[in-house]
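The block underneath contains the structure these notes are about, expressed in structure tokens.
The values are calculated or read from the model by the stated rules, or taken from the named source; none is laboratory data. Not measured: the values here are computed from a predicted model. Neighbour counts run over all protein chains shown; Cβ positions are idealised from the backbone, glycine included. Areas reflect the complete protein model, heavy atoms only, side chains present, ligands, DNA and RNA absent. Shrake-Rupley method; radii C 1.70, N 1.55, O 1.52, S 1.80 Å.
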Amino acid sequence: MSTSFAVSAPRSAMLLRRRIAAYFVGGAGEVPALVGALAGRPVHELSVDIKDGVRESSLVCAVLLATGETEPLLDRLRTLPSVVSAELV
């Protein structure tokens, strides 16, 4: 008698759409570092708001992240010298 077992392929992590915002100083020159911190992740609806005479600028986007990746991404953004805060919105 032969017994066979079905082995299923590992499920890829379900990606969740998260809207994040990063508030930063330094103007347009800091945008490449912020975008670099998002590299390797599907990013949608990215917008940067830099206003003349306002100390802080903002970057807001939607990112597809696997469960458990949200806080590490926010922490990574927070380590950038120009970032004042980063959060879910």
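Would you be able to say whether some residue in the range 8-18 is modelled with pLDDT under 95 and surrounded by 13 or more Cβ atoms within 10 Å (Cβ to Cβ)?
Within the range 8-18 (the criterion being modelled with pLDDT under 95 and surrounded by 13 or more Cβ atoms within 10 Å (Cβ to Cβ)), the answer is yes, since at least one residue qualifies.
Using the structure shown, decide if Arg55 is open to solvent by 60 Å² or more (accessible area, probe 1.4 Å), in contact (Cβ under 8 Å) with a residue 12 or more places away in the chain and either over 23 Å from Gly29 (Cβ atoms) or not in a loop (DSSP other than H, G, I, E, B) (or both).
No, not satisfied.
Restricting attention to the range 65-89, and to residues there that are β-branched (Val, Ile, Thr) and under 16 Å from Val31 (Cα atoms), which single residue is least open to solvent (accessible area, probe 1.4 Å)?
Step by step, filter the range 65-89, then rank; the result is Val83.
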